[in-house]
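Asker: I am attaching a structure below and will ask some questions about it afterwards.
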Amino acid sequence: MVAACSAVAIAATSAAVVAPAAGAQQEQAGDGVYRGEVQVVPASAGTTEQNVLTGTVFVDDNEDSSAGDGERGLAGVVVSNGRDVVTADSEGRYRLPAFDNMTVFITQPNGYQVPVDEYNVPQFHYNHLPEGSPDLKYGGIEPTGPLPSAVNFPVVESPGTAAPEQSCVVAGDLQTYNRTQLEYARKGAINDLAQRNDYASCGSLFVGDVVGDDLSLYPEVKELTKQTNGPARFLPGNHDLDFDAATPEHSFDTFRAQLAPTYYSYDVGDVHFVALNTVEYPCTPDEDNLDGLGSHCDDPEGDPSYNGSIDDRQLAWLERDLEHVAKDKLIVVAGHIGLINYNDQASAVHQTDQARDVYELLKGRKAVAVSGHSHTTENMKKGDSAQGWKDTLGLDKLPFPHITAGAISGDWYSGEVTEDGYPTAIGKDGGRPGVLTLDIDGTKFQERYTVTGADDRVQTQLGINSPTYREWSEERAEWNENPQGDAPELDEPLVVDSGDLAGTTWLTTDFWMGASGSSVKVALDGGPAKKAARTQEMNGEAKRNGPEWSDPYAVAQQLVHGGSIADSSMHLWRYELPVDLEPGEHTAEVTATDSYGREFTDSLTFEVVG
């Protein structure tokens, strides 16, 4: 666990506030965006304790966040308390069982949009915690008092959310530990998103680790999302925890107060998004053991820590939620800790114990899973398999695609700071900071990854993996562990000794969204293009790691400027350089083709000497 960076507490409030009287116009920003809030009608004086919550989902024609003035109720909208799931009747009315510490929320229907606040954060839920959170460092939820007389959910009509064509941003691990890193994010991926308008209808989904333990930074994160387009949604990660919470029921209270429910759903076009909480805290090793496959908690000493898990109540909610979703919809199931993960395949903590339960609920449906957590980019297709999944979770082949979305923070904002004001932060798989976009047409989708500060054509990085490089990387790693004298240097990473051309030197292509069904071809000096080999076939083999399987472009920077070491990757291809290459300069033209047939070209010039 990383210690919080600040002792400043937040005066956190419930996500919904008491709306103004009917007819009172909300202040509008003049930007054409529907801004507003959930209408909470306080309990009447002398009201006795109730066990049923009522309210209305209504079309907010005058955009004042208040039901009235003849505004119609919207039938069929799904409303939940996180346990029970109901639909609004013909007049938009709903009734739900009420209990302490519940979050009531609606599923945004396609063709409509819930309001957003001044920071573009959707307002579609109400936290009910009469006496407030226990004493928490970052405040949690303030007392909400008695059950309201009604909680009314406003929406407006939205042709944008009805369209079958959508572009939906999935942003992994913003994970700012301090204000310096907030500035890195602002100058980097947030600035990129501010320049885009293709995702305005679907919005962005930040898949956890919104901050790095210091929950007092949430207001400043929202200043960042204020610059983005469309709704900015959030789900919780293991660095969004109230670590001083004694029970799981309050472990995300500050997140709930500031950002969103811990799990919920929404519809856009022909897609149903499910945002899950896949983080269990506190967790101790003696509590979790899945099918005899070992302890599933992060701390072997038995101290409270976290685990990738979905509790029974959330699973039951998911089942009931899906009952209201047409079978032909595309389901995007999102969580911070992925259902499965390639990089952390040998660690059950960093995958979700209940992955098989989720697969069963989605059986027969079109689905894709997206996640963050590992700070890697992983594009895993249906049918992919890895030895670690069998060992840790008893899983074999994937039933549908899974994508680990990379991280805005990249490798935790490590490495050399660029002239644009943010670090290179190259990841432990050679990936670079950026955001994932799902481009959706009906129930079909294509994924694309946009590297921070680059356009969508930048999809690869090239390098030379030679015996000289591998010897240097091992020497440099040892020196970094115990710096004595001058550091070993790799002076000319693109110069190859002819003696190394004996079947042990490769041109490497790190194809960040490369996957099963992708290919890489290399043409040397204008000659015919020849296939490169993928280092991980995803046919059930074990994870391969070490200098031989590394991304030399990434490692050459990481060992000098700091950060993780890219010594394993599921998206790396190698092309063996011919043993008879003549001394002199050579140019390799590389064509990487993804599983949809999209081609990306890159080139590398290197020299053979000796």
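Asker: Please check which bits of region 464-486 a label hung off Thr504 would reach, taking the label as a point 7 Å along Cα-to-C-beta and the cut-off as backbone N under 14 Å.
Answerer: Correct set: 465-474.
Asker: Could you tally the net charge around Thr424, taking each other residue with its Cβ under 10 Å from the Cβ of Thr424, Lys/Arg +1 and Asp/Glu -1? Can you show the working numbers first?
Answerer: Working: positive: Arg432; negative: Asp411, Glu416.
Around Thr424, the charge tally is -1.
Asker: At Ala477 and Val41, where each label point lies 7 Å from the Cα along Cα→Cβ, what is the point-to-point distance in nanometres?
Answerer: 6.5 nm
Asker: How big is region 385-537 on each of its three principal axes, counting only the C-alpha atoms and giving the largest first in Å?
Answerer: Largest to smallest, the principal-axis extents are 58, 41, 39 Å.
Asker: Still on this structure, please answer the following. Taking 41 Å as R0, compute the FRET efficiency from the Cβ-Cβ separation of Tyr596 and Asp311 and round it to 0.05.
Answerer: Calculated value: 0.65.
Asker: Going through the cross-link list Lys187/Lys366; Lys329/Lys397; Lys382/Lys428; Lys329/Lys530, which pairs have a Cα-Cα distance over 29 Å in this structure? Walk me through the numbers on the way to the answer.
Answerer: Details: Lys187/Lys366 37 Å; Lys329/Lys397 23 Å; Lys382/Lys428 24 Å; Lys329/Lys530 40 Å.
Table pairs above 29 Å Cα-Cα are Lys187/Lys366; Lys329/Lys530.
Asker: Moving on. How high is the relative contact order of region 547-610, given as a whole-number percent (alpha carbon pairs under 8 Å, six or more residues apart)? Walk me through the intermediate numbers first.
Answerer: Working: 62 pairs, mean separation 16.2, N = 64.
Dividing the mean separation by the residue count of region 547-610 yields 25 percent.
Asker: How many Å³ per residue does the convex hull of the Cα positions in region 485-610 occupy?
Answerer: Taking only Cα atoms, region 485-610 has a hull volume of 130 Å³ per residue.
Asker: Can I ask one more? Between Lys327 and Val579, 0.36 nm times their residue separation minus their Cα-Cα distance comes to what?
Answerer: In short, 85.2 nm is gained.
Asker: With all protein chains present, how much of the accessible area of region 185-243 (probe radius 1.4 Å) comes from carbon and sulfur, to the nearest whole percent?
Answerer: Values: 560 of 1390 Å².
Here carbon and sulfur together make up 40 percent of the probe-accessible area.
Asker: Students often check this: by mean Cβ neighbours within 10 Å, which of 394-402, 454-462 ranks highest, and how do the rest follow? Don't jump to the answer; show the numbers that get you there.
Answerer: Values: 394-402: 18.3, 454-462: 16.4.
Ranked from most to least packed, the peptides come out as 394-402, 454-462.
Asker: Stokes-Einstein diffusion coefficient for region 157-247 at 10 °C in a medium of 1.306 mPa s, Rh from the Kirkwood formula over Cα pairs: what value in µm²/s?
Answerer: Numbers: Rh = 13.9 Å.
Once the numbers are plugged in, D ends up at 114 µm²/s.
Asker: Could you work out [θ]222 nm for the chain from helices alone, using -39500 (n - 2.57) per DSSP H run of at least four and dividing by all its residues? Round to the nearest 500 deg cm²/dmol. Mind showing how you got there, number by number?
Answerer: On the way: 10 runs with 79 residues, N = 610.
Counting only the DSSP helices, I get -3500 deg cm²/dmol.
Asker: Then there is this: Using 5 Å bins from zero, what percent of all Cα-Cα pairs in region 84-231 falls into each bin?
Answerer: Going from the shortest bin to the longest, the percentages are 2, 8, 14, 17, 17, 16, 14, 9, 3, 0, 0.
Asker: Something else about it: Just grab the label-to-label distance for Glu91 and Asp244, each label 7 Å out from Cα along the Cβ direction, in nm (one decimal).
Answerer: The two pseudo-label positions are separated by 4.7 nm.
Asker: I want to verify the translational diffusion coefficient of region 85-168 in µm²/s; compute it with Stokes-Einstein, Rh as the Kirkwood radius over Cα pairs, at 20 °C and 1.002 mPa s. Could the numbers behind the result be given before it?
Answerer: Values: Rh = 15.2 Å.
In µm²/s, the coefficient rounds to 141.
Asker: Now, a different point. Need one word for region 205-256: rounded, prolate or oblate. Basis is the Cα gyration tensor (sqrt eigenvalues a ≥ b ≥ c); a/c below 1.5 gives rounded, then a/b vs b/c decides. Working shown, then result.
Answerer: Working: a/c = 2.66, a/b = 1.98, b/c = 1.34.
Taking the square roots of the gyration eigenvalues as a ≥ b ≥ c, region 205-256 is prolate.
Asker: Testing the spin-label approximation: label points 7 Å from Cα along Cα→Cβ at Glu131 and Asp441. State their distance in nm.
Answerer: Each label point lies 7 Å from its Cα, and together they span 5.7 nm.
Asker: Accessible area per residue for the chain in Å², computed with a 1.4 Å probe and the full protein assembly in place, what is it? Kindly include the intermediate steps, with their values, before the conclusion.
Answerer: Numbers: 23170 Å² over 610 residues.
Result: 38 Å² of accessible area for each residue.
Asker: Among the aspartates and glutamates, which fall within straight-line cross-link reach of Lys390, defined as a Cα-Cα distance under 14 Å, with same-chain neighbours fewer than 8 residues apart omitted?
Answerer: Asp291, Asp344, Asp353, Glu541
Asker: Can you sort Tyr266, Tyr422 by solvent-accessible area, 1.4 Å probe, largest first?
Answerer: On the way: Tyr266 10, Tyr422 30 Å².
The ranking, largest first, comes out as Tyr422, Tyr266.
Asker: Quick check: the distance between the Cα centres of region 150-175 and region 52-131, to the nearest angstrom?
Answerer: Centre-to-centre (Cα) distance: 15 Å.
Asker: What number, in percent, do you get for the relative contact order of region 27-152 if the mean sequence gap of Cα pairs under 8 Å and at least 6 apart is divided by its residue count?
Answerer: Values: 262 pairs, mean separation 39.9, N = 126.
Relative contact order for region 27-152 comes out at 32 percent.
Asker: Got a sec? What order do Asp312, Asp267, Asp391, Asp209 fall in by accessible area at 1.4 Å, biggest, i.e. largest, first?
Answerer: Details: Asp312 125, Asp267 30, Asp391 90, Asp209 5 Å².
Solvent-accessible surface, decreasing: Asp312, Asp391, Asp267, Asp209.
Asker: Once you have the alpha carbon radius of gyration of region 336-387, what is it after dividing by 2.2 N^0.38 Å, with N set to its residue count?
Answerer: So region 336-387 has a normalised radius of gyration of 1.11.
Asker: Under a cut-off of 17 Å between alpha-carbon atoms, report the aspartates and glutamates in cross-link reach of Lys137, not counting same-chain residues fewer than 8 places apart.
Answerer: Within the straight-line limit of under 17 Å, Lys137 reaches these aspartates and glutamates: Asp213, Asp214, Asp240, Asp242, Asp244, Glu249, Asp253.
Asker: Relative contact order (percent) for the chain, with alpha-carbon contacts under 8 angstrom and 6 or more residues of separation? Can you show the working numbers first?
Answerer: On the way: 1636 pairs, mean separation 67.7, N = 610.
Computed value for the chain: 11 percent relative contact order.
Asker: Along the charge dipole of region 207-253, pointing to its positive end and built from +1/-1 on Cβ of Lys, Arg, Asp and Glu, which listed residue (Gly230, Gly208, Ala246) has its Cα farthest out?
Answerer: Working it through, the farthest residue towards the positive pole turns out to be Gly230.
Asker: A further question follows. When the Cα atoms of the chain are enclosed in a convex hull and the volume is divided per residue, what value in Å³ results? The partial results should precede the final answer.
Answerer: On the way: hull volume 94.4 nm³, N = 610.
Per residue, the Cα convex hull of the chain comes to 155 Å³.
Asker: Over all Cα pairs of region 474-551, how is the pair count split among 5 Å bins, expressed in % and running from 0 up to the last occupied bin?
Answerer: 3, 10, 14, 20, 19, 14, 11, 5, 3, 0
Asker: Could you tell me the calculated FRET efficiency between Asp69 and Asp198, based on Cβ-Cβ distance and R0 = 35 angstrom, to the nearest 0.05?
Answerer: On the way: r = 35 Å, r/R0 = 1.01.
It comes out at approximately 0.50.
Asker: Okay, moving on. With r as the distance between the Cβ atoms of Ser149 and Asp391 and R0 = 60 Å, compute the FRET efficiency 1/(1 + (r/R0)^6) and round to 0.05. Kindly include the intermediate steps, with their values, before the conclusion.
Answerer: On the way: r = 54 Å, r/R0 = 0.90.
With R0 = 60 Å, the Cβ-Cβ based efficiency is 0.65.
Asker: Percent antiparallel among DSSP beta bridges with both residues in region 159-291, to the nearest 5? Walk me through the numbers on the way to the answer.
Answerer: Working: 5 of 13 bridges.
Of those bridges, close to 40 percent are antiparallel.
The values are calculated or read from the model by the stated rules, or taken from the named source; none is laboratory data. This one's a predicted model, so the numbers in the text were calculated from it and none came from an experiment. Cβ: placed from backbone, ideal geometry, glycine included. Neighbour counts: every protein chain shown. Calculation scope for accessible area: heavy atoms of the full protein, side chains included, ligands and nucleic acids excluded. Shrake-Rupley method; radii C 1.70, N 1.55, O 1.52, S 1.80 Å.
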